[in-house]
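The values are calculated or read from the model by the stated rules, or taken from the named source; none is laboratory data. In this text, all values refer to a predicted model and were calculated from it rather than measured experimentally. Ideal geometry is used to build each Cβ from the backbone, glycine not excepted, and the neighbour counts take in all protein chains shown. Heavy atoms of the whole protein, side chains included, go into the accessibility calculation; ligands, DNA and RNA do not. Shrake-Rupley method; radii C 1.70, N 1.55, O 1.52, S 1.80 Å.
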Amino acid sequence: MTAKIVPRRAILRTTGLLTAGLLLGAPAVPASATRRRTPDDAWAQLRQGNRRWVSGEVLHPHQDLARRAEVAEKQEPYATVVSCIDSRVPPEMVFDAGLGDLLTVRSAAQTIDPLVSGAIEYGPAELDVPLIVVLGHQRCGAVSAAAHALSEGERLPGSLQDIVKALRPAYKRAGGKVDKMIRLNTTGVVAELKANRLLARRIARGQLKIVGAYYSLDTGLVTRLV
Ligand SMILES: [Zn+2]
């Protein structure tokens, strides 16, 4: 029994999705799914999903047992979304995506440090992910709290002060205006990631794009900033 299963699994791992589908008797995988996605394809797919979310006509794709089985051994996500921890901005929901579609990296006001950058590098470097989206959002509580602390000269307790520190450049450039600060922080993180050596190499080869975007809590719409 085991002798039969093991080689078959090994074959599935090495021969890819199309062959796996044939071996399992599953419907043939459409050509679009076997072709490697470009950065622009990935962005178009996210935009389509977001339009569905805005209109309320969501498909909830890739959220069934078949998909769970399909990606159990191997993942091929098409984008990494770097977003805030805010409970109202879950990337899979706002882009109407599902299991195995997105790598999500979340931190307060999508601020980055070396550990977070490592998590962001993982997708492009190890899984050939063609797109990174840095997603700021309307009425970001972390940005508001940092703006308040900086204007009052207050020090926040514990590691919260590190978030304030990370947001100080955007605060200065925005003159303390919260919504402007949210946008400037988002584009600032994009610029930092573009300067990352590992990511810059992939951008230069056309294998990766990094997009900055803004999410409206009111409408659900994601607007590209950069
Ligand atoms: Zn936030």
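A few points about this structure:
- Shape of the range 123-213 from the C-alpha gyration tensor: prolate (a/c of 1.5 or more and a/b above b/c, with a ≥ b ≥ c the square roots of its eigenvalues).
- For Glu70, solvent-accessible area (1.4 Å; no DNA, RNA or ligand), Å²: 90 Å²
- Under 5 Å between amide hydrogens, built in the peptide plane, is the criterion, and for Val211 it picks out Ile132, Val133, Val134 among residues at least 5 positions away or on other chains.
- Theoretical FRET efficiency, 1/(1+(r/R0)^6), r = Cβ-Cβ of Gln63 and Leu127, R0 30 Å, to 0.05: 0.90
- In summary, the lysines within cross-link reach of Lys194, defined as a Cα separation below 17 angstrom excluding same-chain residues under 8 places away, comprise Lys209.
- Probe 1.4 Å - accessible area at Tyr122, Å² to nearest ten: 110 Å²
- Every Cα-Cα pair of the range 70-226 was included, and the share exceeding 28 Å stands at 20 percent.
- Neighbourhood net charge (12 Å Cβ-Cβ; Lys/Arg +1, Asp/Glu -1) for Lys209: +3
- Estimated FRET transfer efficiency (Arg88, Asp41; beta-carbon r; R0 25 Å; 0.05): 0.35
- For the range 139-226, with +1 on Lys and Arg beta carbons and -1 on Asp and Glu, the positive-most of Val178, Pro157, Ala204 along the dipole: Ala204
- Rolling a 1.4 Å probe across all protein chains gives Ser151 an accessible area of roughly 70 Å².
- Apolar share of the accessible surface for the range 84-226: 54 percent from carbon plus sulfur atoms, 1.4 Å probe.
- Using distinct alpha-carbon pairs, which all enter the 1/r mean, Kirkwood radius of the range 71-125 in Å: 11.9 Å
- Cβ-Cβ distance of Thr219 and Lys180, R₀ of 22 Å, FRET efficiency by 1/(1 + (r/R0)^6): the value works out to about 0.70.
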